[in-house]
Every structure is written in structure tokens, then in C-alpha cells.
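What follows is a single structure, written as C-alpha cells, with notes after it.
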Amino acid sequence: MKPTLPCVSATRAPKVQPATDAMQLDVLRRAYFASAPSHRRWRIGIDAVIEQITAPSPRGSARSIAWKFPAIQWIDDVIIACACIGGEQQAWHHVQLANTWRLREVAELRLTPSKATLLVERFWRELQVDTRRTDLIAGMRTYRGGETLGRWLISRLLAHVESLPTGAMTRGNVDTILDTLPRLRTLGFEVPEPARVPQAT
């Protein structure tokens, strides 16, 4: 007689409840209050941060934060973006000081140093003008915290470079450049390298 194997009852794996907007908002609030130095410095309230992260995209997608956990990781950058949107010139100065040298280095991959400088200056002007517009979602208003603000700025600058008449840069080239850059950290109170940072204009 063949030995019988013990009968093991099949058990169903417990269902994993998807993260709800309410749950993520709670995580977002905790991250916000953990970043007290940033939101106190720029005088940005939690409601402004939630509004920025959960606002519909320019393409008109539904209002939801079901995919926005990266925004919690980069909440310091979202707070600074909110300050820029609110017209805080010191916030704009902080963002430019931390990123102008990096944007110029990226632009110089395709342009001469003088042309790269002009392109970056025009980029900052257009970004501020677009951000001040209230009739549509543009400029800094489109930043949702899905990546560092520095990487987001570089990606937008590369889009400018792509649109140049002589440009033959493809989307793949843009991704390659972004992937070869050093890991961009949240701005927060990070002090850029003095030897490499030009005076903000």
C-alpha cells in the first residue's frame, strides 16, 4: 500500500489593500512636518503642498495621488517649488544658485559655452514667466515631486536643446544624459560647491 501524503489545505494569500489617497495624505503630512526647517523657512503650509502634488497634470488627468510616493521623498523640493510659485524671490534665487552651473554643464554638451550661458539665462526667464501665469498650468506649477527638482529642471532644459534648429538629439539621448549625471539630491539646505557655482542672475 502506497503511503499517503499528508493533506495540506490550500490557504489563500491575504489580500493586500491598495494604498488609498487618505493613507497617502497621512504619510504626506508626516513627511511635511518632518521637514519643518524647509516649510518654516519658505512659509509654505501643508495645504499648498497637497495642492501642488495632487493638482491635475496639464494633460487633464484625474486628481489623485495614488502614484505619488516619490513626492513624499522629495517633499523639500516641492516646498521650494511652492515658494517659487508664490512669488518668493529668495526661493527663486536659491533654486538658481543650486542649479545654474549644472544646467550650463548640460547645455555645453551641445553648445558653445557662450551660447549655453544664453540658453540657460533664457530658460530661467521663461520658467519664471510661465510660472507666474494663472490661466494655465505651466512652469514650476507642473512640478509634482516625482523626481528631484534639479533633475526636473535638467529634463526641461534638454527639451529646449532638442527644439533647437540644429538639434538632432533624440529622447534616448536625453535619457542617457540624465542617467550619467550624478545623483541629484533634494535642494533643502544643501550648499552648492562654491568653486563651481556662478553668481545667480
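Just give me the residues in the stretch 131-148 being among the acidic types (Asp, Glu) and within 17 Å of Pro56 (Cβ to Cβ), in sequence order.
Result: Asp135, single match.
Looking at Ala66, Ala91, can you tell me which residue is closer than 22 Å to Gly146 by Cβ and modelled with pLDDT under 90? Explain how you work it out, then say what you get.
Details: Ala91 fails: modelled with pLDDT under 90.
Step by step, each of Ala66, Ala91 is checked, and only Ala66 is closer than 22 Å to Gly146 by Cβ and modelled with pLDDT under 90.
Being of a type in the set (Ser, Thr, Tyr) and crowded, with 21+ Cβ neighbours inside 10 Å is the filter here; which residues of the stretch 82-120 pass it?
Thr100
Looking at the stretch 134-150, which of the residues that are touching a residue at least 24 places away in the same chain (Cβ under 8 Å) and surrounded by fewer than 18 Cβ atoms within 10 Å (Cβ to Cβ) is farthest from Ile75 (Cα to Cα)?
Leu136
Residues checked against (1) surrounded by fewer than 11 Cβ atoms within 10 Å (Cβ to Cβ); (2) at pLDDT 85 or above; (3) touching a strand residue (DSSP E or B) at 6+ places or on another chain (Cβ under 6 Å); (4) of a type outside the set (Lys, Arg):
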| site | (1), (2), (3), (4) |
| --- | --- |
| Ser9 | yes, no, no, yes |
| Met23 | no, no, no, yes |
| Ser57 | no, no, no, yes |
| Asp77 | no, yes, no, yes |
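Checking Gly87 against (1) at positive phi; (2) out of contact with any Lys or Arg (no Cβ under 9 Å at 6 or more places or on another chain), only one condition comes out false. Which one?
So Gly87 meets the others, but not (2).
The values are calculated or read from the model by the stated rules, or taken from the named source; none is laboratory data. A quick note: this is a predicted structure, and the numbers were derived from the prediction, not measured. So basically every Cβ, Gly included, is an ideal-geometry build from the backbone, and we count neighbours across all protein chains shown.
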